[in-house]
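**Q** Take a look at this one; I'll ask things after.
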Amino acid sequence: MELSSNIMALPCEVLVDILSRLSLKHVPQLQTVSKQWFRTISSSHFRRLYNMKSMNRPRTLVVQVPNAKYSPGRRKMISRTIDISTMDLAVDDSEIQKEFSFEDIIAPENSFFISSNLIISNHKVCNPTTKEIINLPISSYPSVSFDVAYIPFNNTYKIVHLYGTKISPKYNFNYGGEILEFRFEILTLRDCGPIPSYWQTLPHQEWFSRKVDSTCVGNVIYWLVRRGDIMENIISMEAENEEFLSTISCPKEPYDEELALYENIQLADLNGKLCLAYYSEELSRMELYFLKDHKKQEWVKEHTINVSGMGNWFKIMGYVPLQGNNNDDIIIDGGCKLSLLYNIEERRFKRLPKFKEIIHIGLYFDRCFKLQSTRSSLQARIDMLPQGDQL
């Protein structure tokens, strides 16, 4: 039998597998090859498959502020330029690639959060993959934080807004440890939109002094909160069903030993596990605890990282899978002066390039997801083609 060398003759499942391995920046261009390719790439099956595979090839997202504008006397910032760049840390000596920039106008209630691939700044959401920046509905409550969970099953994002019930600076700077009321509202972003016009209030409230940190593991969002001067607990919510889970107590061991010496406590997603990291500049070390059982409140200390002489602030950002190496590195954000990769098994550090005015470095996954639909204009071009013809 004579075999055709035309790629158009490939079985659909083979074509889908090939296309799902390509860089996402090429995928939209390939939609215009033919009607068949347009239908294949536009299908929810392909988009879910691509997003699932992308979890095994993360890049590093670098967010920088190269310049800013201030009011007379430099009393407050008016606007700033946000530079978005990426790096492939799975490749040795990877160079930083600038993706795009945008102007960020500072609102009276300034906010800037990066969570699950999305950038939320002053009630705008930015998708770095598509370079889209869309307005979110304005909330009528004072913001504490915005956290995002990605739901692979239906290719949606859930943005959860943690807010205070009263207008008070204590919700962000509550050094006296006063117990305050906090509530939650949620917004669901679907592939190709539209953006909802209002926030949905969740029938749940919490009472604590202040939020310390937050992260998302799988589709569960975790908030590390402080009640009073010392006690920390973790509030959790399953984002897909919008259900709050039982409160998690932090491990007691660091408190029993050297409580006053741990200045920084943070949450992180490490290979799909909830990690609680305790950092002490005086002890020059970071202790990593992992939640083994949510119901039993069971924590296990798995790693101790020696950070002697490396600075006074670190943030665990996630694992970086390395090509040809079974031992993943941990990416550590040390601010604008220092960002590191740490190999746990070999207990060695690798310094990343220095970035100017960095405000975030962390893991980033390419996803077939658009905040708004461009299907109509693209569909018009495809409709002009005879069946099976190529551009």
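**Q** Are there any pairs, at least 6 apart or on different chains, whose C-beta atoms fall under 6 Å, with the first in the stretch 14-27 and aliphatic (A, V, I, L, M) and the second not in a helix (DSSP H, G or I), and if so, which?
**A** L24/D366
Yes/no per residue for (1) open to solvent by less than 10 Å² (accessible area, probe 1.4 Å); (2) closer than 18 Å to D333 by Cβ; (3) within 20 Å of the chain's Cα centre (by Cα):
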| position | (1), (2), (3) |
| --- | --- |
| S42 | no, no, no |
| F46 | yes, no, no |
| Y50 | yes, no, yes |
| K53 | no, no, yes |
| L61 | yes, yes, yes |
| N67 | no, no, no |
| S71 | no, no, no |
| M77 | no, no, no |
| L89 | no, yes, yes |
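**Q** Could you give me the residue pairs with C-beta distances under 9 Å whose first residue belongs to the stretch 160-187 and is polar (S, T, N, Q), whose second residue is part of a loop (DSSP other than H, G, I, E, B) and at pLDDT 95 or above wherever it lies, and which are 6+ apart or on separate chains?
**A** Note: no pairs meet the criteria.
**Q** Give just the number: which of (1) open to solvent by less than 10 Å² (accessible area, probe 1.4 Å); (2) modelled with pLDDT under 85 does I316 not satisfy?
**A** (2)
**Q** Filter the stretch 254-264 down to the residues that are assigned to a loop (DSSP other than H, G, I, E, B) and either open to solvent by 50 Å² or more (accessible area, probe 1.4 Å) or at pLDDT 90 or above (or both) and list them by number.
**A** Initial filter on the stretch 254-264 (assigned to a loop (DSSP other than H, G, I, E, B)): 262-263.
Once the filter is applied, which keeps residues that are assigned to a loop (DSSP other than H, G, I, E, B) and either open to solvent by 50 Å² or more (accessible area, probe 1.4 Å) or at pLDDT 90 or above (or both), the stretch 254-264 yields only E263.
Yes or no, residue by residue, for (1) open to solvent by 10 Å² or more (accessible area, probe 1.4 Å); (2) more than 24 Å from L224 (Cα to Cα):
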residue: V125; (1), (2): no, no
residue: T129; (1), (2): yes, yes
residue: E132; (1), (2): yes, yes
residue: I138; (1), (2): yes, yes
residue: P142; (1), (2): yes, no
residue: S145; (1), (2): no, no
residue: N154; (1), (2): yes, yes
residue: H161; (1), (2): no, no
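**Q** Can you pull out the residues in the stretch 18-65 that are closer than 18 Å to S85 by Cβ and among the aliphatic types (A, V, I, L, M)?
**A** L24, L61, V62, V63, V65
**Q** Is it the case that E232 is touching a Cys at 6+ places or on another chain (Cβ under 8 Å) and either acidic (D, E) or at pLDDT 95 or above (or both)?
**A** On the way: touching a Cys at 6+ places or on another chain (Cβ under 8 Å): yes; either acidic (D, E) or at pLDDT 95 or above (or both): yes.
In short, yes.
**Q** Let me ask something else. Which count do you get for residues in the stretch 125-153 that are free of Cβ contacts under 8 Å to residues at least 60 places away in the same chain, in contact with a strand residue (DSSP E or B) (Cβ under 8 Å, 6 or more places away or on another chain) and not hydrophobic (A, V, I, L, M, F, W, C)?
**A** Within the stretch 125-153, residues that are free of Cβ contacts under 8 Å to residues at least 60 places away in the same chain, in contact with a strand residue (DSSP E or B) (Cβ under 8 Å, 6 or more places away or on another chain) and not hydrophobic (A, V, I, L, M, F, W, C) number 4.
**Q** Working only within the stretch 360-391, note down all residues that are under 21 Å from I134 (Cα atoms), open to solvent by 40 Å² or more (accessible area, probe 1.4 Å) and either modelled with pLDDT under 85 or small (G, A, S) (or both). Let's see the steps before the verdict.
**A** Taking the stretch 360-391 as the starting set, the residues that turn out to be under 21 Å from I134 (Cα atoms) are 360, 364-378.
Filter once more, keeping what is open to solvent by 40 Å² or more (accessible area, probe 1.4 Å): 370, 372-377.
Answer for the stretch 360-391, where residues must be under 21 Å from I134 (Cα atoms), open to solvent by 40 Å² or more (accessible area, probe 1.4 Å) and either modelled with pLDDT under 85 or small (G, A, S) (or both): S373, T374, R375, S376, S377.
**Q** Which strands (runs of 3 or more DSSP E) does the stretch 134-233 wholly contain that include 1 or more residues that are of a type in the set (S, T, N, Q)? Before you say what the answer is, go through the steps one by one.
**A** Details: elements: 143-151, 156-164, 180-190, 200-208, 210-217, 220-227.
Once the strands (runs of 3 or more DSSP E) in the stretch 134-233 are filtered for at least 1 residues that are of a type in the set (S, T, N, Q), what remains is 143-151, 156-164, 180-190, 200-208, 210-217.
**Q** Of S116, S85, S43, S111, which residue is of a type outside the set (V, I, T) and on the phi > 0 side of the Ramachandran plot? Write out each step before concluding.
**A** Numbers: S85 fails: on the phi > 0 side of the Ramachandran plot; S43 fails: on the phi > 0 side of the Ramachandran plot; S111 fails: on the phi > 0 side of the Ramachandran plot.
Checking each option against the conditions leaves just S116.
**Q** Could you tell me whether any residue of the stretch 42-55 is within 27 Å of H161 (Cβ to Cβ) and in a strand (DSSP E or B)? I'd like the intermediate steps shown before the answer.
**A** Looking only at the stretch 42-55, we keep the residues that are within 27 Å of H161 (Cβ to Cβ), and these are 47-48, 51, 54-55.
Retained after the next criterion (residues that are in a strand (DSSP E or B)): none.
No: zero hits.
**Q** Next up: Name the pairs: first residue in the stretch 34-57 and under 14 Å from K370 (Cα atoms), second residue charged (D, E, K, R) and surrounded by fewer than 17 Cβ atoms within 10 Å (Cβ to Cβ), Cβ to Cβ under 8 Å, at least 6 apart or on different chains?
**A** Final answer for the pair search is S42/R375.
The values are calculated or read from the model by the stated rules, or taken from the named source; none is laboratory data. No experiment lies behind these values; they were computed from the predicted model shown. A quick note on method: Cβ atoms are made from the backbone with ideal geometry, for glycine too, and the neighbour counts reach across all protein chains shown. Side chains are part of the model used for accessible areas, which takes the heavy atoms of the whole protein and leaves out ligands, DNA and RNA. Shrake-Rupley method; radii C 1.70, N 1.55, O 1.52, S 1.80 Å.
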